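Asker: Dropping a structure here in structure tokens format, bear with me for questions.
The values are calculated or read from the model by the stated rules, or taken from the named source; none is laboratory data. Just so you know, these numbers come straight off a predicted model, no measurement behind them. Heads up, the Cβs are rebuilt from the backbone with ideal geometry, glycines too, and the neighbour counts pull from every protein chain shown. Just so you know, the surface numbers come from the protein's heavy atoms only, side chains and all, with ligands and any DNA or RNA stripped out. Shrake-Rupley method; radii C 1.70, N 1.55, O 1.52, S 1.80 Å.
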Amino acid sequence: MQGLFFETDTGVRYVLRVLVLLIGFWTAWRTGRAVAEGWQGYVTVVIYTALLAFVMRFLHFSLFEGPFVSPFYYLIDFVLLLVLSTIGFRMRRTRQMVDNYYWLYEQTSAFSWKKKD
């Protein structure tokens, strides 16, 4: 295990970075879905995503010696995670509206619905 988190072992570090990113992206998507399943508003998605971006910044700092207090990198993490959270939220909310109110709405895309004619 020696050398696992050092500069000389770049292959393992890249694999770990990809795994951390995939876990973060999956968590953001699931966060958006969970908020929609609880019938909460979009503001809750933004708040939870801000907290998740803080956790992702901490993971990059603790595992890869990246900057922890960096508004630029925090903003990048936040925007990427917010995109995935929003996708999960809108997909789940569309499915909810179409399934629960099938006599009122029909699905127009994966992210939207409209009133039936």
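Asker: Treat every Asp and Glu Cβ in the chain as -1 and every Lys and Arg Cβ as +1, leave all other atoms uncharged, and give the resulting dipole magnitude about the Cα centre to the nearest 20 debye.
Answerer: In debye, rounded to 20, the chain gives about 460.
Asker: Efficiency by 1/(1 + (r/R0)^6): what FRET value for Q40 and T108, r their Cβ-Cβ distance, R0 = 30 Å, to the nearest 0.05?
Answerer: 0.85
Asker: Leaving out ligands, DNA and RNA, what percent of the accessible area of segment 31-117 is carbon and sulfur, probe 1.4 Å?
Answerer: Of the solvent-accessible surface of segment 31-117, carbon and sulfur hold 67 percent.
Asker: If you take the beta carbon distance between Y14 and I47 as r and set R0 to 35 Å, what does 1/(1 + (r/R0)^6) give as a FRET efficiency, to the nearest 0.05?
Answerer: It comes out at approximately 0.65.
Asker: Check which residues have an amide H placed less than 5 Å from Y101's amide H, if you skip close sequence neighbours.
Answerer: Result for Y101 returns nothing.
Asker: On average, how much accessible surface per residue is there in the chain, in Å², for a 1.4 Å probe, leaving out ligands, DNA and RNA?
Answerer: Per-residue accessible area for the chain comes out at 66 Å².
Asker: Measure of size requested: the Rg and Dmax of the chain, with Cα atoms as the atom set and Å as the unit; please supply both.
Answerer: 18.3, 66
Asker: Working from Cα positions, state the angle (0 to 90°, nearest 10) between the long axis of helix 71-100 and the longest principal axis of the chain.
Answerer: Roughly 30 degrees between the two axes.
Asker: Quick one: which residues, 5+ away or cross-chain, put their amide H under 5 Å from the amide H of G66? H built at 1.01 Å from N.
Answerer: HN-HN under 5 Å from G66: F61.
Asker: Lys/Arg Cβ at +1, Asp/Glu Cβ at -1, dipole of the chain taken about the Cα centre: which of T108, M56, S70 is farthest positive-ward?
Answerer: T108
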